[in-house]
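Taking it in order: structure first as structure tokens, then the write-up.
The values are calculated or read from the model by the stated rules, or taken from the named source; none is laboratory data. As the structure is a computational prediction, the values presented were derived from the model and not from experiment. Every residue, glycine as well, gets a Cβ built from its backbone with ideal geometry; the counts of neighbours run over all protein chains shown. The area values use the complete protein model at the heavy-atom level, side chains included, leaving out ligands, DNA and RNA. Shrake-Rupley method; radii C 1.70, N 1.55, O 1.52, S 1.80 Å.
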Amino acid sequence: MSGGALYQEALRALRRLELPDASERDVLAALEAAQPGPLPLFYEAGAEAGLERSVLTARGVGLFLSFCAGNLADDLIDGDCAYYDEPLRVGPCAQFLLQNLAWATLAEPHAGVPVNALEEGARMLALAAGPQALEVRAREWTAPLFRRVAEGIAGRQWAAYLRVLWAGTRLEERAVQVGLALGVAAHVAEDIRSKDTRFTSMPVEDRLTVVTWARQAAESLRAQDLRCLDAALRRIEPILPEVEP
């Protein structure tokens with residue numbers, strides 16, 4: 001089993017709905033645009049937590065569908081939804097479908113996610129979405145604004161994913177701490193790699209502050225001594241020290 005196997009299961013979940021062909025094509029386009037995305041990490045993190053195959057599959061698929069809904073929303077916001085001819089007409093329907101299919105999948109009995117974990121995960125994702133409203137209105141970026149947005153759209157998002165994925169496992173108590181740090185470190189590293197204006201437009205002092213913050217997050221992840229984080233850290237860590245604000 002692997003991230004690729006989780007993706008195939010996500011396709012099966014979609015096909016079981018027996019949607020109109022046009023609708024299935026729209027959702028499939030969103031799935032393809034988001035993969036592999038978090039799939040390898042979902043698999044590795046679930047396996048390291050000791051999840052049985054059927055449980056890992058259900059939770060991994062549900063969380064990937066939720067990620068796809070969020071990724072589609074972000075693409076619509078940024079004007080990057082090039083996989084639809086009419087993004088503003090097609091995208092919201094596909095996003096709504098994905099979000100509901102995600103929670104239906106996570107609520108299935110064989111996913112074994114406790115009700116309190118589902119509630120906490122959903123609430124964290126709602127909180128994660130809040131700072132997006134600040135981002136779309138931002139005309140000038142500073143370290144405090146950058147941190148608030150990153151903690152929300154990336155940190156809380158990953159905290160929610162791991163809260164659900166690791167529910168009832170030996171890693172459950174670490175989920176929020178690891179997720180927040182992972183989201184922050186990955187978000188900053190990606191903004192640096194892609195030269196996103198969120199990062200590049202800030203004054204030098206603010207960029208230094210953000211990089212230091214991200215390095216601390218990466219160091220805290222390394223201290224967790226979890227194999228599932230190794231691949232992510234191998235991508236993140238080389239970027240942060242090389243930054244020359």
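Note on the chain: with a GNM built from Cα contacts shorter than 10 Å, the maximum mean-square fluctuation among Ser66, Ser201, Ser220 falls on Ser201. Extension gain, Gln216 to Arg193: 0.36 nm times the residue separation minus the Cα-Cα distance gives 6.5 nm.
Note on the chain: helix-only mean residue ellipticity at 222 nm, from DSSP H runs of 4+ residues weighted -39500 (n - 2.57) and normalised by residue number, equals -22500 deg cm²/dmol.
State which helices in the chain qualify, where a helix is a whole DSSP H run, it must extend 30 Å or more along its own axis by its Cα atoms, and its mean Kyte-Doolittle hydropathy must be at least -0.5. TM-like helix candidates: 53-78. Using a Gaussian network model of the chain in which every pair of alpha carbons under 10 angstrom is joined by a spring, one finds that among Asp78, Asp230, Asp26 the greatest mean-square fluctuation is at Asp78.
Over 16 Å, how big is the tail of the calculated P(r) for the stretch 192-245, in percent of all Cα pairs? Taking all Cα-Cα pairs of the stretch 192-245, the fraction more than 16 Å apart is 43 percent.
Applying Stokes-Einstein at 20 °C and 1.002 mPa s to the Kirkwood radius of the stretch 114-244, computed over alpha-carbon pairs, gives a translational diffusion coefficient of 142 µm² s⁻¹. Under the combined filter of DSSP loop state and at most 11 neighbouring Cβ atoms within 10 Å, the stretch 121-169 retains these GluC sites (Glu not before Pro): Glu140. Ordered by 1.4 Å accessible area with all protein chains kept, Met202, Met124 run largest first as Met124, Met202. Note on the chain: Rg/Rh from Cα positions, Kirkwood definition for Rh, rounded to two decimals, is 0.96. Full extension of the chain between Arg174 and Val115 gives 19.4 nm of extra length, using 0.36 nm per residue less the Cα-Cα distance. The distance separating the Cα centre of the stretch 67-106 from that of the stretch 146-183 comes to 22 Å.
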